[in-house]
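A.B. asks: Sharing a structure here in structure tokens format.
The values are calculated or read from the model by the stated rules, or taken from the named source; none is laboratory data. Since this is a predicted model, take the numbers as computed values, not measurements. Here the Cβ is made from the backbone with ideal geometry for all residues, glycine too, and neighbour counts use every protein chain on show.
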Amino acid sequence: MHAALAQPPLRLAVLISGTGRSLKNMLDRIDSGQLHAKVVLVISSTPTAHGLQFAEKAGIPIVVCERKNHASQTEYSREIFQHCHACRGDVVVLAGFIKRLTIPADFENRVVNIHPALVPSFSGKGFYGHHVHEAVLEYGVKITGCTVHFVDNEYDHGPVILQKAVPVMDRDTPDTLQSRVFAAECEAYPEALQLLAEKRVAVDGRRVRVAPPSDGSDAGSSP
Ligand code: GRF
């Protein structure tokens, strides 16, 4: 048996607001055996999120939690994390979730996000969706990418788990760049979650250290 399978599947609570492409990708990776996890709950910030249909189809429990029904970010976050706690989520996965959250102490280093650039470049307040790729092209950098990171209480700031670089081409538009970066995201997010499922991730201040696989399969590989 693969060493990772000796662990129970990582229980994911996935938060969405939009198309749910990242959620769909995770479900596909779980189905194909590349990600040893189970999506135990999907929380949407809106009842109209297209991504809810993927959860419905997969028979995953759904909660819609709208910011407008809560007086403050603190109260909103409290309700969201109550659900994450109740479903016994190991990790909370932000998958295109657009509302700000306050992370409670018991979820520190248990909430992850993917940002469509190489943090800390093109990140922080205002850098989301197309704005990121527009800014990358405007600045003229030759390499961008994506970053999977733990979420803390600052924008795009928590410890970085994994990054993938993506070249910027002369002919790129925000759309073409977005799709190339999204293809990298589809590899990076499940890969990072699989590291968590295998319990190979240790956080040391801002540094995230990844232990080699317990079956020694990458022994001798370069860093
Ligand atoms: C991705 O571009 C990701 O970088 C950002 O949200 C987008 C995915 O949203 N965090 P969705 O899965 O298409 O709703």
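A.B. asks: Pairs needed: first member in segment 108-131, within 15 Å of VAL93 (Cα to Cα) and hydroxyl-bearing (Ser, Thr, Tyr); second member anywhere, assigned to a loop (DSSP other than H, G, I, E, B) and within 13 Å of the ligand (Cβ to nearest atom); C-beta distance under 9 Å; at least 6 residues apart or different chains.
C.D. replies: none
A.B. asks: If I ask for residues that are over 14 Å from the mean Cα position of the chain (by Cα) and farther than 19 Å from PHE107 by Cα, which ones from segment 30-44 would you list?
C.D. replies: Answer for segment 30-44, where residues must be over 14 Å from the mean Cα position of the chain (by Cα) and farther than 19 Å from PHE107 by Cα: ILE30, ASP31, SER32, GLY33, GLN34, HIS36.
A.B. asks: Right, here's the next one. Among the listed residues GLY140, GLY126, which satisfies the condition of being on the phi > 0 side of the Ramachandran plot and under 20 Å from the mean Cα position of the chain (by Cα)?
C.D. replies: Working: GLY140 fails: under 20 Å from the mean Cα position of the chain (by Cα).
Testing whether each residue is on the phi > 0 side of the Ramachandran plot and under 20 Å from the mean Cα position of the chain (by Cα) leaves just GLY126.
A.B. asks: Oh, and also: For THR74, state whether it is surrounded by fewer than 18 Cβ atoms within 10 Å (Cβ to Cβ), part of a loop (DSSP other than H, G, I, E, B) and not aliphatic (A, V, I, L, M). Reasoning before the result, please.
C.D. replies: Numbers: surrounded by fewer than 18 Cβ atoms within 10 Å (Cβ to Cβ): yes; part of a loop (DSSP other than H, G, I, E, B): no; not aliphatic (A, V, I, L, M): yes.
No, not satisfied.
A.B. asks: Can you pull out every residue in segment 130-160 that is surrounded by 14 or more Cβ atoms within 10 Å (Cβ to Cβ) and assigned to a loop (DSSP other than H, G, I, E, B)? Write out each step before concluding.
C.D. replies: So the first thing to find is which residues in segment 130-160 are surrounded by 14 or more Cβ atoms within 10 Å (Cβ to Cβ), and the list is 132-137, 141, 144-152, 155-160.
Hits for segment 130-160 are VAL141, VAL151, ASP152, TYR155, ASP156, HIS157, GLY158, PRO159.
A.B. asks: Oh, and also: Give segment 5-41 a look and list any residue that's assigned to a helix (DSSP H, G or I) and either crowded, with 16+ Cβ neighbours inside 10 Å or more than 16 Å from the ligand (Cβ to nearest atom) (or both), or say none.
C.D. replies: Listed by number, the residues that qualify are LEU5, ALA6, ARG21, SER22, LEU23, LYS24, ASN25, MET26, LEU27, ARG29, ILE30, ASP31.
Residues are listed down the side, and each one gets a yes or a no for (1) closer than 23 Å to PRO213 by Cβ; (2) at pLDDT 95 or above; (3) of a type outside the set (D, E, K, R); (4) in contact with a Pro (Cβ under 7 Å, 6 or more places away or on another chain):
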position	(1), (2), (3), (4)
SER17	no, yes, yes, no
SER22	no, yes, yes, no
ARG29	yes, yes, no, yes
LEU35	yes, yes, yes, yes
